[in-house]
1. Considering only the stretch A:255-289, state which residues are surrounded by fewer than 24 Cβ atoms within 10 Å (Cβ to Cβ), part of a loop (DSSP other than H, G, I, E, B) and out of contact with any strand residue (DSSP E or B) (no Cβ under 8 Å at 6 or more places or on another chain).
2. Give me the pairs: first residue in the stretch B:302-315 and at the interface with chain A (Cβ under 8 Å from one of its Cβ atoms), second residue in a helix (DSSP H, G or I) and of a type in the set (F, W, Y), beta-carbon distance under 6 Å, and six or more apart or on different chains, which are they?
3. Looking only at residues in the stretch B:27-76 that are part of a helix (DSSP H, G or I) and either among the aromatic types (F, W, Y) or more than 22 Å from the chain's Cα centre (by Cα) (or both), which one is farthest from the other protein chains (Cβ to nearest Cβ)?
4. If you take the residues of the stretch A:230-254 that are more than 9 Å from every other protein chain (Cβ to nearest Cβ) and assigned to a helix (DSSP H, G or I), which of them is surrounded by the fewest Cβ atoms within 10 Å (Cβ to Cβ)?
5. What number of residues within the stretch A:49-89 are more than 12 Å from the chain's Cα centre (by Cα) and either of a type in the set (F, W, Y) or not in a loop (DSSP other than H, G, I, E, B) (or both)?
6. Test B:G153 against the stated conditions and say whether it is surrounded by fewer than 24 Cβ atoms within 10 Å (Cβ to Cβ), within 28 Å of the chain's Cα centre (by Cα), farther than 22 Å from B:L266 by Cα and free of Cβ contacts under 8 Å to residues at least 40 places away in the same chain.
7. Condition first: part of a strand (DSSP E or B) and touching a residue at least 40 places away in the same chain (Cβ under 8 Å). Now tell me which residues in the stretch A:112-163 satisfy that.
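All of the numbers you see were taken from the coordinates with simple rules; none came from a lab. All values reported here derive from a predicted model rather than from experimental measurement. Note that we place each Cβ from the backbone using ideal geometry, even for glycine, and neighbour counts take in every protein chain shown.
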Amino acid sequence: MVSKKMRMRGVAAAVAVLALGLAACSSDSDDTANDDTNATQDSGDGGDSGELIKVGFSQLGAESGWRTANTESVKASLTEENGIDLTFVDAQQKQENQIKALRDFIDQGVDVIAFSPVVQTGWDEVLQEIQDAEIPVVLVDRTVDTTVTDPYATWIGADFKSEGVKAGEWVKENYPDAKIFELQGTLGSGAQVDREAGFDETVGADKILGKASGNFTRAEGKAAMEAALQAYPDMNLLFTHNDDMGLGAIEAIEAAGKVPGKDIVIVSVDGVRDGLQALVDKKFNFVVECNPVFGDQILDAIKKVYAGEDVPKETIVVDATFDQTITQEEVDARPY
Amino acid sequence: MSGDGTATSWIRTVSRHHLFWPVVALVALWIACGIVSPGFLDIKLVDGHLFGQLVDIARNSVTYMLLALGMCLVIATGGIDLSVGAVMAIALSVSLTYIDGAANGESVSTALTAIALGLAAAAVVGAFNGFLVAGLGIQPFIATMIILVAGRGIALAFTGGQITTTHSAPFKSIGSGFVLGIPTPLVIGGVVFTLVALLVRRTALGMLLESIGINRTASQMAGVRSRNITWLVYVLCGLLAGLAGLVYGAPTMAADANNIGQLMELNAIMAVVIGGTKLDGGKFSLAGTIVGALILTTLDRAVIIFHLPSESKDLFKAIVVIAICIAGSERLRGQLGLRRVPQVPGPPTSPNKPVEVAA
């Protein structure tokens, strides 16, 4: 018994020593990281285009075809030929992964940090650390809600609210008496909150029979639509927060013996190839694009931020809209 | 008098059955949905296929059911398998990556090979879990947590970190097709349930599982090969989880390794527990597991049928599950005088107690 206890103590002591060692290590690397940053920044100030800009990019994951296209666009633009030394980290849709990646970027002493936050809140601490390390931040696609003052240099992304408004205006013009059901994205995500707000304000809350979340996925969109067809038999228009849920809903509508695009008009946001194909097939009626290919705009912003030039606080990516007049050629030419 | 007596005793016997409260909850939910939304309980033939909300519920619950069947057997041995959600993702990723790379995705042989590969991958993962638990004696919670954490990484490695989308009508049909008008997943679920039930109830396996769960050492001393049986159970659980992944993912034909099966391990455990199987091992109920799976699926749907705001979905589910657990709580039933009082000869002191409390 005694020897066991002693052994336990030994282990505890060893753990404590290890922890101290780790703490020392991390503070060491912090110091060197800061030195590195200063060094590169110095040379950056003095020199010119010969130096690569070290960029840490934390993508939130690959939750949809849209994100995949966005990732490809970023990787295609932030290249060495364009003067960027890119460290790309995929967070697999977990905030803790993303926070860890951001801390790693600080340790590595990157010049600019760019990231698409997986959720809106919970960034206070790490953003403060980034600010303390004097690394400028370029937010991509999604926004943050933080108490840190001036948390980022610039934000580039789509205006989700205006996407909702565009969808709502089309509905108001073409189907003023529509009885609407809304398939929401993952509750609390920026795309869900803002698209819903924009759409609801435009068409008027009294037109909306009900809402349910399909978590931006086909499978859950389908299951939610199956139930909604039963719960809201009067429904004749579906507004879905992304194409994938809409594609799932098509299956549910067809299984119920109704015709998508006719019995139930479908308005969607995103404009991925499968979604546009549904437009060609007359199953979707209207799609507001959420353009993911803006790597060039991110590159431009990073260069300006690095050079210390003035950048607008917000850069909104231009979104197109499509209706059933879209041609098969346009769909096939879609890169994502 | 005597008629009354037998009626009450019959009610008592039924209400004491471990499936009583789960079934009551399920039927009550369905009836409530039927009242709120007329037509909810209808089952029609549309284009020669069974169609209706109850059919949808049954079809959607197959994923939970397959997971929960495997989980139930693992739990019976006193273990737990946290890896099932990740195994779903692995199996689907393997299958769809194979179809994506195959020359002709639409051929039946490609689809069958894809299914076999996906299931094989799932069985390998199950065998790995079994090796850690039975071979090395690592606690099941920790052993299976390895795949819970790392499994999605494995799945992402197959898909190259992207969502692999592909086309194959034969493969898709295992999730969205029909066999003689019955949804294919339902047929798969029925066949699997029958096989598992035959395996554990018509052979000694079920009894051996329970004996391992109740007392591993004692069963080993009695000559039960507990190590091999435990191993087998984890392989079976992995296999069923893989099948669940294929059935769940087939309708969309998209291997979303990050999201497929997310938190499914907890849903599977919940289905098993709602079905009246205790987490500490021993006695298990396969039929209860089906009821549990149906309840979980019905809850998801009832939120929409009741026109509840989506934000309240989790709260609603929690309330119903808590209610079922409370109703099934032996201690509470004892205090309310519902519990079977042990018929021990001797001074009848214990029966008086609950009466006092109830009064």
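1. A:V259, A:G261, A:K262, A:D263, A:D281, A:K282
2. Final answer for the pair search is B:V303/B:F316.
3. Quick first cut of the stretch B:27-76, residues part of a helix (DSSP H, G or I) only: B:27-36, B:53-76.
So of that shortlist, the ones also either among the aromatic types (F, W, Y) or more than 22 Å from the chain's Cα centre (by Cα) (or both) come out as B:30-36, B:64.
On the way: B:W30: 12, B:I31: 15, B:A32: 13, B:C33: 8, B:G34: 10, B:I35: 13, B:V36: 8, B:Y64: 12 Å.
Only one residue tops the list, namely B:I31.
4. Applying the first criterion (more than 9 Å from every other protein chain (Cβ to nearest Cβ)) to the stretch A:230-254 yields A:234-243, A:245-246, A:249-250, A:253-254.
Among the residues that remain, those that are also assigned to a helix (DSSP H, G or I) are: A:243, A:245-246, A:249-250, A:253-254.
Details: A:D243: 30, A:M245: 29, A:G246: 30, A:A249: 30, A:I250: 25, A:I253: 26, A:E254: 14.
Among those that are more than 9 Å from every other protein chain (Cβ to nearest Cβ) and assigned to a helix (DSSP H, G or I), it is A:E254.
5. Filtering the stretch A:49-89 for residues more than 12 Å from the chain's Cα centre (by Cα) gives A:49-57, A:72-89.
From the residues that got through so far, the ones that are either of a type in the set (F, W, Y) or not in a loop (DSSP other than H, G, I, E, B) (or both) too are A:53-57, A:72-77, A:84-89.
Residues in the stretch A:49-89 being more than 12 Å from the chain's Cα centre (by Cα) and either of a type in the set (F, W, Y) or not in a loop (DSSP other than H, G, I, E, B) (or both): 17 in total.
6. So B:G153 fails the test.
7. Going through the stretch A:112-163, the residues part of a strand (DSSP E or B) turn out to be A:112-115, A:137-140, A:154-157.
If the condition is that a residue be part of a strand (DSSP E or B) and touching a residue at least 40 places away in the same chain (Cβ under 8 Å), then A:V112, A:I113, A:A114, A:F115, A:V138, A:V140, A:T154, A:W155, A:I156, A:G157 are the ones that fit.
Conditions (1) surrounded by 24 or more Cβ atoms within 10 Å (Cβ to Cβ); (2) of a type in the set (D, E, K, R); (3) within 14 Å of chain A (Cβ to nearest Cβ), marked per residue:
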| residue | (1), (2), (3) |
| --- | --- |
| B:Q220 | no, no, no |
| B:Y234 | yes, no, no |
| B:L240 | yes, no, no |
| B:G245 | yes, no, yes |
| B:P251 | no, no, yes |
| B:D256 | yes, yes, yes |
| B:A271 | yes, no, no |
| B:I274 | yes, no, no |
| B:S285 | no, no, no |
